[in-house]
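See below for the structure under consideration.
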Amino acid sequence: MKKNIILLFIILINIFTFSYKYIFFFIGDGMGFNHISISQTYLEKNNETNLNLYKLENLSTLKTNSLNTVTDSAAAITAMMSFEKTYNEQINIDKEGKKISPITYHLKDSGYKIGIITKSSITDATPAGLYARTSNRKNHKEIADQLLKSNIDLAIGGGTAFFDNDKIKNSNFRYNNSLKQIPSEEQELILTNYSNVPFAIDSKTNYLKPGLEYALKKFSNDNFFILIEGARIDHASHAHDIKTMIYEMLELDSTLETALNFYNKHKNETLIIFTSDHETGGLSLGDGFLSISKIEDQKFSYEKIANTIKNTNNYDDFVKEVNIKGLEKEYNETKNSKDYTYNSPLIRKYLDTMQKKAGFSWSTYGHTMSNVPLFSEGLKYPNLVDNTKIFTFILNK
């Protein structure tokens, strides 16, 4: 019976037309309600305007659970794109181990251009959900090969580590490592970094917005579906790095402005979705108090600090680079352990002490099953939406 229902749904997708010519799909990976709240508070403290996402007309709540209960990004993007709950680690593979097709396949068959812009590797779970099928999201090279054989029109992100140069040359993709060239009518693969793109707090630049502007130039008047992923919101949340997370949130939100400007010119034909695949970290705002000014002294991400520990020979040189004092013992412990992750002695002491003084706390280093926000413009969703239903509403009956 279940197989017949799935088959019928696939047939309906191929028969029905889609409701929108232009679809912007923003995913703040790991973003929960509190991530948004503190980002808004940070803007207000700095006398800036509201987040752009509050300009979106509609707000609903999205259910995130996978068949493992607490989802990962692979199961979440599969639910969103392929309409089925599955097990964690699996991308477009159903619970019985069979391959299923994301909606991007059907959009492509209907003449849409498909674009992906992410701050993670282009082979990570969320972007891979638009083109790949694999039982293990860690199969990055397999996923890279699938991308090169796919009909994705534009892919922008990191991940050169996972691609074979000869395979790129023998593919249909034009390859570049920046956005400096003029967009081509060919399929384009733009990989700017070895793995992840640096955090905004370190690079002092917006990566996603130029990527979206490039995509809009490339697609011109074509129908399109574009994923814009704030992937590193999740990374900063895993590390319990509140300041870095806020900067990632603000970068994604700033990029939304470009989509809103486009929407204002094509209101009856455009859909904007701004949501999350899951919440990361169990972020709590305040323990009876909150003092956001206590995090203002942090100038670099945990990643930059960890790399500085790794690449300096003594504590004095480390202090000169990042101006973090009073942690010589933790610096030496980190050097001795060679643990240059967010769980290193220095990173944990620095972030935990600062954030405790500010009133922030986190309940886990992993994901939670919390519902997440679903903002939209051009479509009003029901108050509560399962993540398998997010794209069923774009079909014309």
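Within the accessible surface of region 228-334, defined with a 1.4 Å probe on protein heavy atoms only, the carbon and sulfur portion equals 40 percent. So what's the gap between the Cα centers of region 314-331 and region 120-140, to the nearest angstrom? Between the Cα centres of region 314-331 and region 120-140 lies a distance of 38 Å. Remark on region 190-347: hydrodynamic radius 18.1 angstrom, per the Kirkwood mean of 1/r across alpha carbon pairs.
Shown here for region 196-286: trypsin sites (Lys or Arg not before Pro) in loop regions (DSSP other than H, G, I, E, B) with at most 11 other Cβ atoms within 10 Å, namely LYS204.
Here the accessible area of region 38-158 is 40 percent carbon and sulfur, with a 1.4 angstrom probe and all protein chains present. For PHE289, what is the net charge nearby, where nearby means another residue's Cβ is under 13 Å from its Cβ and Lys, Arg count +1, Asp, Glu -1? Neighbourhood net charge equals +2. In this structure, the residue pairs whose Cα-Cα separation is over 28 Å, taken from LYS299/LYS349; LYS169/LYS304; LYS21/LYS141, are LYS169/LYS304; LYS21/LYS141. Computed extension length for ASN314-LYS265: 12.0 nm, one decimal, from 0.36 nm per residue of separation with the Cα-Cα distance subtracted. Local charge for SER376 was computed over the other residues whose Cβ lies under 14 Å away, with Lys and Arg +1 and Asp and Glu -1, and equals +2. Entry note, the chain: the mean residue ellipticity at 222 nm calculated from DSSP H runs of n ≥ 4, each adding -39500 (n - 2.57), is -11000 deg cm²/dmol after division by the residues and rounding to the nearest 500. Taking a Cβ cut-off of under 15 Å around GLY129, the surrounding Lys, Arg, Asp and Glu residues balance to a net charge of -4, with basic ones at +1 and acidic ones at -1. Taken per residue, the accessible surface of the chain reaches 43 Å², heavy atoms only and a 1.4 Å probe.
Here THR341 and SER110 are evaluated by their C-beta separation; at R0 = 41 Å the FRET efficiency comes out at 0.40. Only beta bridges with both residues in the chain are counted; by DSSP, about 35 percent of them are antiparallel. Across region 124-230, Cα-Cα pairs more than 24 Å apart make up 21 percent of the total. In this simple spin-label approximation, ASN307 and TYR365 carry label points 7 Å from Cα along the Cα→Cβ vector, and these lie 2.1 nm apart. Place a point 7 Å from the Cα of THR353 along the Cα-to-Cβ direction; which residues of region 272-311 have their backbone N under 19 Å from it? So the set is 291-310.
The values are calculated or read from the model by the stated rules, or taken from the named source; none is laboratory data. Bear in mind the structure is a predicted one, so any value in this text is a computation, not a measurement. Note that we place each Cβ from the backbone using ideal geometry, even for glycine, and neighbour counts take in every protein chain shown. Heads up: the accessible areas ignore ligands, DNA and RNA and are worked out on the full protein's heavy atoms, side chains in. Shrake-Rupley method; radii C 1.70, N 1.55, O 1.52, S 1.80 Å.
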